[in-house]
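Notes to accompany the following structure.
The values are calculated or read from the model by the stated rules, or taken from the named source; none is laboratory data. Keep in mind that this is a model prediction, so the values were computed, not measured. In this analysis, Cβ positions are derived from the backbone assuming ideal geometry, glycine residues included, and neighbour counts consider all displayed protein chains. Heavy atoms of the whole protein, side chains included, go into the accessibility calculation; ligands, DNA and RNA do not. Shrake-Rupley method; radii C 1.70, N 1.55, O 1.52, S 1.80 Å.
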Amino acid sequence: MTSDKIKPDGEKILIVDDVETNRLVLEAIIEDMGCSPILAEDGEQALEMTKQYSPQLILSDISMPGMDGYELCRLLKKDKRTKDIPIVFISAFDDPMDIVEGFLIGGEDYITKPFITEVVQARVGVQLRLHQAKMEMMEMNRRLQISVNEQLAQMELEKRNILFALANIALQNSSCESGYMDRIRHNCRILAQGMQLSPLFEDRISDTYIDSIELAAPLCDIGNIGIPMEILRKNELVLTSEEAEILRSHTDIGARLLSDLYVNSDYNEFISTAIDIVRHHHENWDGSGYPDKLKGNAIPIAAQIVSIMNRYTAMTEKGDVSREKALDIMKDEAGVKYNPDIYGICCKIARQLN
């Protein structure tokens with residue numbers, strides 16, 4: 001049947017048989033059902049017809065010259081575009097092994113010749129209804145997945161907003177300037193971008209990683225939310241040993257807080273980066289930092305970036321220390337507190353820092 005004879009509202013059924021008489025008999029039966037039969041003489045033609053018309057059901061003879069019905073079925077089931085089209089085999093043979101093989105390779109049913117109109121229509125009708133129900137279920141699942149993903153995205157956004165609100169409160173408790181978080185975010189992104197252009201780090205820093213660092217950097221001291229304000233506002237040089245220990249616990253408090261927020265794989269990448277930053281941004285390159293005394297490259301890259309930018313941003317926060325003076329002070333700390341290679345890159349991109 002040509003495309004001009006296909007009914008717009010009728011299901012398209014592809015009939016594959018090398019015998020013209022069989023094709024014509026099935027064509028009449030299918031037309032009586034209100035469906036649109038499409039005729040193919042062999043397996044190769046059937047493949048082309050399937051691509052062109054996207055039938056809802058295929059009736060295929062088994063024994064055909066060239067590509068037989070089984071091979072046609074295997075090819076259609078391997079293709080993700082056609083694997084869900086139900087295939088009903090037709091044959092003059094009713095050997096149980098033929099029927100079993102048809103089912104094993106993905107066939108849905110089996111009709112024997114000579115054709116009995118009522119049997120063909122009943123079995124075709126069942127397969128069409130099953131196919132329709134399956135398509136509706138797949139569409140429902142697709143819409144449900146979209147809805148779930150949208151809800152998860154909203155949950156992630158809300159949790160991020162809560163995190164940044166908590167981080168902002170912790171920052172205010174420490175008497176930092178209101179724009180400090182924005183400066184940390186900007187400076188960490190600029191440094192990470194500079195590192196991405198260096199052969200020393202290009203294989204470890206992707207565009208996605210840079211985005212994660214930019215988002216997560218302001219959370220570095222979120223654990224301060226659990227530290228008494230009187231300790232936060234004390235100069236570190238006058239803290240007692242007990243107070244200093246309490247202050248240092250903010251890395252563990254923050255990491256535990258973030259560890260409870262895993263939702264899905266996309267969100268986890270952000271949270272994982274944030275945990276690295278929160279827990280390890282006070283580690284030193286020579287192993288003298290805290291909480292785990294990590295040394296050298298054992299310190300996560302994200303934490304190294306935030307550590308050096310935290311130092312720079314803090315020194316230049318009130319404008320009392322110039323960019324050049326801050327970098328000069330940090331030069332003596334490179335190799336002790338910071339990765340000297342990262343410090344070198346920091347100097348090269350310094351004019352872009354806030």
Kindly indicate whether residue 24 is part of a helix (DSSP H, G or I), hydrophobic (A, V, I, L, M, F, W, C) and within 23 Å of residue 103 (Cβ to Cβ). no
Given (1) more than 30 Å from residue 180 (Cα to Cα); (2) surrounded by 12 or more Cβ atoms within 10 Å (Cβ to Cβ); (3) not acidic (Asp, Glu), where does residue 153 come up short, assuming only one miss? (1)
Can you tell me which residue in the stretch 156-183 is nearest to the chain's Cα centre (by Cα), limited to those that are at pLDDT below 70 and not in a helix (DSSP H, G or I)? 178
Any residue that is among the aromatic types (Phe, Trp, Tyr) and either open to solvent by 10 Å² or more (accessible area, probe 1.4 Å) or modelled with pLDDT of 95 or more (or both) - is there at least one of those in the stretch 284-295? yes
Considering the stretch 88-105, residues that are modelled with pLDDT under 90 and part of a loop (DSSP other than H, G, I, E, B), and then whichever is most open to solvent (accessible area, probe 1.4 Å), we arrive at 93
Residue list for the stretch 313-332, filter: open to solvent by less than 30 Å² (accessible area, probe 1.4 Å) and under 22 Å from residue 200 (Cα atoms): 327, 330
Only one of 126, 120 is of a type in the set (Val, Ile, Thr), touching a residue at least 24 places away in the same chain (Cβ under 8 Å) and assigned to a helix (DSSP H, G or I). Can you tell me which? 120
Residue pairs meeting the criteria (Cβ under 7 Å; at least 6 apart or on separate chains; first in contact (Cβ under 8 Å) with a residue 40 or more places away in the chain and under 12 Å from residue 193 (Cα atoms), in the stretch 336-353; second open to solvent by 70 Å² or more (accessible area, probe 1.4 Å) and part of a loop (DSSP other than H, G, I, E, B)): none
Which numbered condition trips up residue 83, out of (1) in contact (Cβ under 8 Å) with a residue 24 or more places away in the chain; (2) closer than 16 Å to residue 108 by Cβ? (1)
With the first residue restricted to the stretch 312-335 and required to be under 21 Å from residue 289 (Cβ atoms) and in contact (Cβ under 8 Å) with a residue 60 or more places away in the chain, and the second required to be open to solvent by 30 Å² or more (accessible area, probe 1.4 Å) and not hydroxyl-bearing (Ser, Thr, Tyr), Cβ contacts under 8 Å at 6 or more apart or on different chains are 313/183; 313/354
Given the condition open to solvent by 50 Å² or more (accessible area, probe 1.4 Å), in contact (Cβ under 8 Å) with a residue 24 or more places away in the chain and over 26 Å from the mean Cα position of the chain (by Cα), answer yes or no: does some residue in the stretch 199-213 qualify? yes
Restricted to the stretch 333-354, and to residues that are in a helix (DSSP H, G or I) and of a type in the set (D, E, K, R), which residue is least open to solvent (accessible area, probe 1.4 Å)? 333
Select, from 281, 250, the only residue that is under 23 Å from residue 193 (Cα atoms), crowded, with 20+ Cβ neighbours inside 10 Å and of a type outside the set (A, V, I, L, M). 281
Could you check how many residues of the stretch 33-76 are assigned to a strand (DSSP E or B), within 13 Å of residue 102 (Cβ to Cβ) and not polar (S, T, N, Q)? 3
Output the number of the condition that residue 308 fails; it satisfies all remaining conditions of (1) touching a strand residue (DSSP E or B) at 6+ places or on another chain (Cβ under 7 Å); (2) open to solvent by 60 Å² or more (accessible area, probe 1.4 Å). (2)
Tally, over the stretch 184-198, of residues that are open to solvent by less than 10 Å² (accessible area, probe 1.4 Å) and modelled with pLDDT of 95 or more: 5
